[in-house]
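S.K.: Here it is, the structure, as structure tokens.
Just so you know, all these numbers are worked out from the coordinates, no wet-lab data involved. Just so we're clear, the structure is a prediction, and the values are computed from it rather than from any experiment. When we count neighbours, we look across all protein chains shown, and the Cβ atoms used for this are built from the backbone with ideal geometry, even at glycine.
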Amino acid sequence: MKENDFYDNLPKTRRERIVDWFINLKNIGFIRYLRRKVLFRKSLVAFTLLTCCLLLVLNGLTSPKRVTFKAEQLETEKSFANDSGDMELVSQRYSKENGIAVLEFETKDKTSAIEEGIKSDNLEWQLFFPPNINAKNAEMQVVPLTDNKISVVVKNIPENYGVFIVRATNNSPVDKSVDVNYKSYKKHLAEEKSKEEASGKKKEEQVDTKPTKDNILDFYVTLQNEKLIETSIQDQTREEFALSIFNAEIDYQKSQVTRLEDAIKTLKNSAANDKKSIDDLKKESQYAVGDELSEKQEQIKTLMNSIDGKNTQIDTAEKSIKVTKENIANLEKNVKAVQDGTFQFKAPVRSVNAKID
């Protein structure tokens, strides 16, 4: 056997097989044709490159423009600049299947002397979509729940909407900046002059080209915000949506009553246990003297303070139960009103196209 035959019969490595594959390309008929037809080969390469460029341009024109939003724009807890209150977007759900979004807001009224939410009648709502999005059929329904909770349902959202803005305007009267002191005409003229000078300076410096009112909050709703949950939302009528929202809130409020009642039972049992411990310590104190007596008296004092603290918690829980039951009663009235057709729905808010920065 010859030495060359021996090496020819050895299995080829992966690298050698790859090299042989490229060498054998020369024997393919189309490759041989391209080698002979130089003009055709160059035309084919140029056409391929041009097609790739056109596809890239077309993809860029048809793809929705991706906008990167600032962190403060995507914030869900915001305060009105005029210190009239706070709003928080606590939940945001979106169904791509039927273009519906459900937003849950909680509000706080800072103009009120008591702790309560912003009155729904004092809130004005608007809905904005970018100019390049056809959202003429989009509409927003606002459903007030308890004193500080508001549900917002947006329907007919275009599939590639990118972002939309829910704007809340708080018309609550703010009396913190009200000046009730006498002001002379001379002082008035001086203030007006100062305002004109400040206004002129701003124009020169080109500052505040887009002034905004201090009683407006904008909430950006976009899939770029991880807090927006994509889920399935059933398409319902206005009345069905309201009933589902009211009933869900009633179930939650009832669960809070149960939780508070259980907490009161626990606190009462714990206070009763502390009282038994105090009685035992008092009996033991009859036979104690010196440091031992002082220690038991200190323990009795600590337990009495603990009982007072638990009684305070019980009072707080009982007040919370009273408020919660009032909320349940109001919600049940709303449910009945929706069912018999007497519930006063606000007119749906139609969308407006506006530049969104």
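S.K.: Could you give the C-alpha radius of gyration of segment 299-357 expressed as a fraction of 2.2 N^0.38 Å, taking N as the number of residues it contains?
M.R.: Cα-based Rg divided by the globular estimate yields 2.27.
S.K.: Taking 45 Å as R0, compute the FRET efficiency from the Cβ-Cβ separation of T51 and R350 and round it to 0.05. Mind dumping the intermediate values first?
M.R.: Numbers: r = 44 Å, r/R0 = 0.97.
So, using R0 = 45 Å, E works out to roughly 0.55.
S.K.: Could I ask something else about it? When you count, for each residue, the other Cβ atoms within 10 Å and take the mean per peptide, how do 107-115, 125-133 rank with the highest first? Don't skip to the answer; put the middle values down first.
M.R.: Values: 107-115: 14.2, 125-133: 17.3.
My ranking of the peptides, most packed first, is 125-133, 107-115.
S.K.: What is the dipole size for segment 66-154, taken about its Cα centre, with +1 at each Lys and Arg Cβ and -1 at each Asp and Glu Cβ, in debye to the nearest 20?
M.R.: Here the size comes out at about 540 debye.
S.K.: Sort 266-273, 134-141 by the packing proxy (mean of other Cβ within 10 Å over each peptide's residues), most packed first.
M.R.: The densest-packed peptide leads the list: 134-141, 266-273.
S.K.: Okay, moving on. What list of ³J(HN,Hα) couplings, whole Hz, do you get for segment 324-331 from phi and the Karplus terms 6.51, -1.76, 1.60, once you set θ to phi - 60° and write x for glycine and proline?
M.R.: Values, residue by residue: 5, 5, 5, 4, 4, 4, 5, 5 Hz.
S.K.: Volume per residue, Å³, of the convex hull around the alpha-carbon atoms of segment 223-290?
M.R.: 155
S.K.: Peptides 86-97, 218-229, 300-311: what's the order by average Cβ count within 10 Å, highest mean first? Each step should come with its number before you reach the end.
M.R.: Numbers: 86-97: 17.7, 218-229: 15.9, 300-311: 14.2.
Descending packing order for the listed peptides: 86-97, 218-229, 300-311.
S.K.: In sequence order, what are the phi-derived ³J(HN,Hα) couplings for segment 154-170 according to the Karplus relation 6.51 cos²θ - 1.76 cosθ + 1.60 with θ = phi - 60°, rounded to whole Hz, with x for glycine and proline?
M.R.: Going residue by residue, I get 10, 10, 6, 7, x, 4, 9, 6, x, 7, 9, 10, 9, 9, 10, 10, 9 Hz, with x marking Gly and Pro.
S.K.: Further question on the same structure: How are the alpha carbon pair distances in segment 276-325 distributed across 5 Å bins from zero to the largest one, expressed in percent?
M.R.: 5, 20, 19, 15, 11, 8, 8, 6, 4, 3, 1
S.K.: Further question on the same structure: Per-residue HN-Hα couplings for segment 228-244, Karplus 6.51 cos²θ - 1.76 cosθ + 1.60 at θ = phi - 60°, whole Hz, x for Gly and Pro?
M.R.: Listing the rounded values in order: 7, 9, 7, 8, 9, 10, 6, 6, 10, 6, 4, 5, 5, 4, 4, 4, 5 Hz.
S.K.: For F343, enumerate residues with amide H under 5 Å from its amide H, sequence gap 5+ or separate chain, H modeled in the peptide plane.
M.R.: V338
S.K.: For segment 221-357, state the semi-axes of the equivalent ellipsoid (square roots of 5 times the eigenvalues of the alpha-carbon gyration tensor), sorted largest first and rounded to whole angstrom.
M.R.: 55, 20, 12
S.K.: Set the Förster radius R0 to 22 Å, insert the Cβ-Cβ distance between K254 and K78 as r into 1/(1 + (r/R0)^6), and round the FRET efficiency to 0.05.
M.R.: So, using R0 = 22 Å, E works out to roughly 0.10.
S.K.: Amide H to amide H under 5 Å from A138: which residues, 5+ apart in sequence or cross-chain, H placed 1.01 Å off N in plane?
M.R.: S351
S.K.: What does the charge add up to near A329, with Lys and Arg as +1, Asp and Glu as -1, over the other residues with Cβ less than 12 Å from its Cβ? Please report the intermediate quantities before stating the final value.
M.R.: On the way: positive: K254, K322, K325, K333, K336; negative: E326, E332.
Surrounding charge for A329 is +3.
S.K.: Please give the FRET efficiency for A190 paired with F69, using the beta carbon to beta carbon distance and R0 = 35 Å, rounded to the nearest 0.05.
M.R.: E between A190 and F69, to the nearest 0.05, is 0.25.
S.K.: Among residues other than E115 whose Cβ falls under 13 Å from its Cβ, what is the net charge (Lys/Arg +1, Asp/Glu -1)?
M.R.: -2
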